[in-house]
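**Q** Before we start, here is the structure in question, set down as structure tokens.
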Amino acid sequence: MPLTPKHPSESLTVLTDLVLPSETNHINNLFGGELLARMDRAASISAQRHSRNISVTASVNHVAFTKAILLGSVVTIEAKVSRAFKSSMEVYIDVWVEDRISGVKTKANEAIYTFVAVDGTGKPVEVAQIIPETELEKERYEGALRRKQLSLVLAGKMKPGEATELKALFV
Ligand SMILES: CC(C)(COP(=O)(O)OP(=O)(O)OC[C@H]1O[C@@H](n2cnc3c(N)ncnc32)[C@H](O)[C@@H]1OP(=O)(O)O)[C@@H](O)C(=O)NCCC(=O)NCCS
């Protein structure tokens, strides 16, 4: 029987934490690797909330370190499943930095990870489909197949000629 589709909001995961001295470089900015790890943790919980199964990181498809994040910053990471395929899920991550005085949150970075739901033996298992609701969720859902194909081509798991969504970009 097909699994009941879910909304992205059902997998929303929010992690808020400080930037401490041991997590920064020589000019007091958060290490990229530390941010990658925090995003991986949030995305992993999000994928598990969607699939209700163990979910492993299959690939990091895109990371944009747009703004440096300073020592002492309050960083909020929001992760949501943007689209699900058979066993894989695209998780979109937005990173916000909160101004200590005003409380206003500014977008600092974003990333896109792919997770695969697996059983106890590590074998991929089926996941529920996604029904996007907001305009942003619909936009991210639409682009997800293209990004999956690009990721598979780069990983050598799909021939470029089979990447229909990528080809459509250039026709
Ligand atoms: C991810 C993993 C389960 C995939 O296993 P696999 O044998 O390649 O399985 P499949 O070929 O059936 O692929 C399973 C799904 O993953 C997707 N996938 C695999 N590699 C991918 C990649 N690089 N980018 C995007 N999707 C990928 C496939 O397209 C497929 O998606 P679908 O079922 O939704 O169509 C396996 O490679 C694994 O366990 N990797 C290690 C995961 C891990 O330990 N992560 C932490 C690293 S420290």
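**Q** So is ALA163 more than 30 Å from LYS67 (Cα to Cα), more than 10 Å from the ligand (Cβ to nearest atom), surrounded by 14 or more Cβ atoms within 10 Å (Cβ to Cβ) and over 20 Å from the mean Cα position of the chain (by Cα) or not?
**A** Values: more than 30 Å from LYS67 (Cα to Cα): yes; more than 10 Å from the ligand (Cβ to nearest atom): yes; surrounded by 14 or more Cβ atoms within 10 Å (Cβ to Cβ): yes; over 20 Å from the mean Cα position of the chain (by Cα): yes.
So ALA163 fits the description; yes.
**Q** If ASP99 passes every condition in (1) more than 9 Å from the ligand (Cβ to nearest atom); (2) surrounded by fewer than 23 Cβ atoms within 10 Å (Cβ to Cβ); (3) under 18 Å from LEU36 (Cβ atoms); (4) not polar (S, T, N, Q) but one, which one does it miss?
**A** With respect to (1) more than 9 Å from the ligand (Cβ to nearest atom); (2) surrounded by fewer than 23 Cβ atoms within 10 Å (Cβ to Cβ); (3) under 18 Å from LEU36 (Cβ atoms); (4) not polar (S, T, N, Q), ASP99 is out only on (3).
**Q** For the list (1) more than 14 Å from LYS6 (Cα to Cα); (2) away from the ligand (no atom under 16 Å from the Cβ); (3) in contact with a His (Cβ under 8 Å, 6 or more places away or on another chain), I need the number of the one condition that ARG147 fails.
**A** (2)
**Q** Kindly evaluate TYR113 against the criterion of being under 13 Å from the mean Cα position of the chain (by Cα), surrounded by 20 or more Cβ atoms within 10 Å (Cβ to Cβ) and closer than 17 Å to LEU15 by Cα. Reasoning before the result, please.
**A** Numbers: under 13 Å from the mean Cα position of the chain (by Cα): yes; surrounded by 20 or more Cβ atoms within 10 Å (Cβ to Cβ): yes; closer than 17 Å to LEU15 by Cα: yes.
So TYR113 passes the test.
**Q** Just to be sure I understand the filter: pairs with C-beta atoms under 6 Å, separated by 6 or more residues or on different chains, first member in segment 152-166 and within 12 Å of SER59 (Cβ to Cβ), second member at pLDDT 95 or above and surrounded by 11 or more Cβ atoms within 10 Å (Cβ to Cβ). Which pairs pass?
**A** Qualifying pairs under 6 Å: LEU152/MET158.
**Q** Residues SER59, SER88: which one is surrounded by 15 or more Cβ atoms within 10 Å (Cβ to Cβ), closer than 18 Å to SER9 by Cα and hydroxyl-bearing (Ser, Thr, Tyr)?
**A** From the options SER59, SER88, the qualifying one is SER88.
**Q** Continuing with this model, one more query. Within segment 45-72, track down each residue that is hydroxyl-bearing (Ser, Thr, Tyr) and modelled with pLDDT under 95.
**A** THR66
**Q** Test THR121 against the stated conditions and say whether it is more than 20 Å from LEU12 (Cα to Cα), within 16 Å of the ligand (Cβ to nearest atom), in a loop (DSSP other than H, G, I, E, B) and not hydrophobic (A, V, I, L, M, F, W, C). Spell out how you get there, then give the answer.
**A** Numbers: more than 20 Å from LEU12 (Cα to Cα): yes; within 16 Å of the ligand (Cβ to nearest atom): yes; in a loop (DSSP other than H, G, I, E, B): yes; not hydrophobic (A, V, I, L, M, F, W, C): yes.
Considered against the rule, which asks whether it is more than 20 Å from LEU12 (Cα to Cα), within 16 Å of the ligand (Cβ to nearest atom), in a loop (DSSP other than H, G, I, E, B) and not hydrophobic (A, V, I, L, M, F, W, C), THR121 comes out as yes.
**Q** Could you check how many residues of segment 35-80 are farther than 24 Å from ALA128 by Cα and assigned to a strand (DSSP E or B)? Before the answer, list the steps.
**A** As a first pass, look at segment 35-80 and keep what is farther than 24 Å from ALA128 by Cα: 35-38, 63-76.
Narrowing further to those that are assigned to a strand (DSSP E or B): 63-64, 70, 74-76.
Matching residues across segment 35-80 total 6.
**Q** Within the set of pairs 6+ apart or on separate chains, which have a first residue in segment 60-84 that is of a type in the set (Phe, Trp, Tyr), a second that is surrounded by 19 or more Cβ atoms within 10 Å (Cβ to Cβ), and C-beta atoms under 7 Å apart?
**A** What qualifies is PHE65/ASN109.
The values are calculated or read from the model by the stated rules, or taken from the named source; none is laboratory data. All values reported here derive from a predicted model rather than from experimental measurement. Neighbour counts run over all protein chains shown; Cβ positions are idealised from the backbone, glycine included.
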